[in-house]
Each structure stands twice: as structure tokens, then as C-alpha cells.
């Protein structure tokens, strides 16, 4: 359906995005400024406690700094309620009191036809439920009793029974006045190849209605009662209502449960979902008789950032998990991934819950395995790495997995995870001697090398990031200086937003400050509002004595000088950290016989660092406050002077 020009703009103008989203979230009134149309809340798209979800009511947009969800009011309705575009437009138009443009005759006819098919499906639901109460369904009821399904559960899931009759449903629907072509098109009956009266597709089966996100029956799944049936489970065929690769069993109620902090659990079948929901795990869904598809993965991620995949505890279940991990690998991002719940051998969720209860299931959920660990375990399963060739083959397989990741940052974290697993796997191998170690058991020297004693730190440095940091002192000082200068000059946040996002910070304190600056970078705050936002996050670092001599940390310092300072220090830090990564990876490769490209990589990393450090700091108006005649930045000179070390103490000889 085409919309007239200006219709959507008027619709967005008439409806407040904050009002629409406010029905799904609880605003953080301390952080929000309602008078300016600025609203903050915990994100409705992923589980969090802090308010990182921002709504700009005047501009009509939202953005989450945690999961990067963003869009306008129509996007929110589509993502939060799983609506199609036109469904979202119609919902919003009703709220705004706007009449929808008239549909063209063809589209109106298609919509009416779909409504007719849905009504036929609901009539079939009622027929199957009625049949479950009859005498011919005694075996089916006994089966449900053995599986522990109460009357309330049968009612809740609209479970029914298709009698073992070739024309039972056909006769019921046609006698009720349903057009024969609708019965066949809905997938309830099929025409014989040789012609003649259509026959019931489902016979002698317990029937599970499959509903879409709006709770409309669009298909059925049938569990055969006869052991000799050709298929234990049979689903409806593809119809105008049903695409099994784009649908999940129980997706509507599961989506509604996400607002309660419930995990999203992907199980294998209907009975698993029913058992999980009955045990309190309301966010349970299942694919429909096939392996999970890419479309179903994307549907899952629209509901939850990190779905839990409950694997049956057998070889087939593990293989299914591996196939799913391979499918998901190119699609995962920093905000979307999977975890895997590994069940005991020979059990599915229904078996486990009936045998051990919800507490046992909760314990397994709490120990869910990240996808990286599942892939690693697969690559080493049943293998012995007692030769260089076998270890090299493992490395080759891991590199192939890493190459399939699209997100460079995620690829780096996966590589680090694999490196840690590899080190643990080969930890019994002798480590090569490295300078700075003493494995000989005596004395402090080896081969003429002597361990130096570190110089004492200033009192204000003890316990600070420079003393406790895992990185070098100069790197920590650069990070602190960059963050504090940005805090003093909030008007520069937007310009340096990308580099601030890419900045590597190791300490939780600095990570908190970095996240706080990123949260406000798009709002261009003034110094006063930024001070309220950051609180004491920045004050504790500004108070450090070795930063007192850095003029640019003060808000009254020159903006242009601060701009040049930040550009220079970001470049130096990027080169330094990049070189450190290359050196660390090279050291690991040296320990395991690296290839001939190693030397070149080290030379490149070192050259890049040296070039960055040699770049002259730009000339400024006040040489005494920033750059000197040597062309060095004030921070570089501070680092060379080791300002965190006590003066008057000479280095130990």
C-alpha cells in the first residue's frame, strides 16, 4: 500500500514518541529533563539496570548506548511488538486519530482473504479441541497425562486431537459453510493426486496450534499416536499465513515475558516449550521441525540480545548446536550473540524438568556456555595435539572461524579468547626463557641480566591507576589525560566521538568515565550539565597531583589548543596500543614457532609507534603552556620526566 506524500511526517508530528515508548519503559526521572524533551530509561530491548536508553522527544528519535538500538516511533513499534510496517502505521494512526488512506482494491482483497484464512484456522482449533474430549481420544489423553500436562495446560495451549478419519475435519468445515478452496489453501486438507474429494492432512495426531506474534493461529503441529506413522511430528505446509522458516512456536507470549527480565530460551519442540513455561521459564520458544534459520535468528535477536539455546543432551543435539553456531558466526555483533545450555546426556528440557525440577534447569541456565567456548570445544574434541602439524592444523581451523566474523572488534576478542584457551591447552609445554624472568632458582641474574628495582612513586600515585594499572604508566597517563581534557571541553566530544569509542581502557574506573562521556557526546552538553552527569567520576582524576601541571585539563584553557592536544594524543595512543598488541601476539607466536612474517610485523608496529611519537606537537599561541621549541606535547614531556616518581632519588645502579 502506498501512502500519500507527507502522511508519515504528519503522523510522527501528531504523536509523541516519548508517550508511546513511555508505555513500555519506566523513565529515570533523575537523569531525564522532561522540559527539554530529553528522556532516559533502562533499554526495553536488552536486559540492563542502568538508564542507557535515550529518547529525544523533540527530534522524534531513540538510541540505546548499550545495544545500539535506534529509530523513530514506527521503528519502535515494529521492533517491540514485531509488527509489519503498515501494521505499525495503522496502530499509530489510530492513536493519532488520523484516517488511513484508502487501500487499492487489490490490497483490500488480499487483506480480507488473509482474514478469512485465519478464521478457518480458528474454526479448526475449536474442532480439534472438541475432538480431544471424545471417546476416540482416550489414548491421546492418556499420553498427555503421562507427559504431565494438566487440564489447565491443555486449555492454555489449545491442545486438541485430530481423529484417525480421512474426512472428519473436511466434513465439519464444509457443513459449517466454509469454502472448500479456503480449507485447502489454509493447509488443513489436501487434494489427492488422482483427483477427488480432499482429505484431512492431520489424522490420528495430538494437535498443537502454532500462533504468530499477534496470537493468531497460522498453522498446526501434529504428534502422531501410532508408532508406525511416517513422521512422528507433522507441520502444516507453507501457506499464505505460514512460513516455518520465519516463525517460532510461542513467540508472542515469549516476547511479552521479556519485559519481566525472563531469559529467552530456544528449545527443540512443542513439549519442551510447554514444560519450560509451566516451570516458570515463560520466555521459551522453538523452531518448527527444522534447524533454526537466519530469519529466525534475527527474530530472536529482535526479542533478546543473547538467547539461550537449550541443546538436547545427546550427539544429535550437540551437532545441532554446532550447526547453529556456524550459522550465527557471521551474523553476531557486539550486541547480539548466543549462549548454549548443555543438558545431561539423553535428556531434553521436558525430561530434565520432570526428573529434577526447575531448580536444576535454572542451574544449567546459569552455567550457559558462550558461543566461543562451544566452537573451541568442537575444534579440540577427541584430538591429540602431540605434533607441530596437529597444532598448526588447529590454528588453521581457528583462523578460518575468525575470518567469518564481520565485526573487527568482536574478531579481536574472539582471537584473544582462543589464545587463552590455547595457552591453557598447551600449558604443560616448557616455556622459553624471556628477559626479566628468573627460572634458575638462585640469585637475581642470568646471562649478565640484572633485575632493576623500580623507583618509588609519589604519595598521590600510590593506589592510583598508574600504580595499579596493568598497562605502562605512560599509556595510563595518556588515557587519563585524554578523558579529563574531554571532560573539560565538552564541545569537543562530538568531534572526537569515534576515537573515544575506539579508545582501549583497561581499568573499570576509566571505563566508567569513558562510557559516561560517550553517553553525552551526542547532546553537546555545557560544562555545568556535564559536571552533573559525570559527578565524581572525573573529579577523582583531576585531583591527582601529577595532572596539576597539565593546563588543558582546565575548562578555561584554549579550545584550539585542547583540540590539537587531543588529536595528537589519540594518534600516539593508537600507535602505542597497536604496537603492544602486535608485540604480545608475536611473543606468543615465538613460543610456538612463528612464521617468517613475524619479524616484518614487529618492525611495522615499532615504526608506526616511533613515527607517532616523533610527530611534532602543533605550534600554539602560548608556548609556555603547551608546546616548547622541541616540538613535544606537554604530556610527552611529563612522561619523559616521569612526573609520578619522587624527585631527588637517583636510579639504582
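Computed from the coordinates by the stated procedures, all read-outs in this text should not be read as laboratory data. This one's a predicted model, so the numbers in the text were calculated from it and none came from an experiment. Cβ sites come from the backbone with ideal geometry, for glycine too, and all protein chains shown count toward neighbours.
The figures follow:
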read-out: Relative exposure of 282, 412, judged by other C-beta atoms within 10 Å (fewest first); value: 412, 282
read-out: Cα gyration tensor, segment 7-96 - rounded (a/c under 1.5), prolate or oblate; value: oblate
read-out: DSSP bridge pairs, segment 251-379: antiparallel proportion in percent, nearest 5; value: 25
read-out: Relative exposure of 155, 227, judged by other C-beta atoms within 10 Å (fewest first); value: 227, 155
read-out: Förster-model FRET efficiency, 41 Å R0, residue 50 and residue 95, C-beta, rounded to 0.05; value: 0.90
read-out: Between segment 224-272 and segment 1-70, the alpha-carbon center distance in angstrom; value: 32
read-out: Pairwise centroid distance, computed over Cα atoms, of segment 139-217 with segment 285-334, Å; value: 29
read-out: Cα-projected label distance for residue 518 with residue 59, points at 7 Å along beta-carbon direction, nm; value: 1.8
read-out: Extension gain, residue 494 back to residue 511 (0.36 nm per residue minus Cα-Cα distance, nm); value: 4.3 nm
read-out: Inter-label distance, nm, simple model (7 Å from Cα along the C-beta direction), residue 119/residue 380; value: 6.2
read-out: Inter-label distance for residue 291 and residue 68, nm, one decimal - labels placed 7 Å from Cα along Cα-to-Cβ; value: 2.7
read-out: Förster radius 35 Å - calculated FRET efficiency between residue 365 and residue 155, Cβ distance, rounded to 0.05; value: 0.80
read-out: 265, 118 arranged by Cβ crowding within 10 Å, fewest neighbours leading; value: 118, 265
read-out: Where a label projected 7 Å from the Cα of residue 246 along Cα→Cβ would reach, residues of segment 191-225 with amide N under 18 Å; value: 210-220
read-out: Förster radius 51 Å - calculated FRET efficiency between residue 146 and residue 413 (Cβ-Cβ, nearest 0.05); value: 0.65
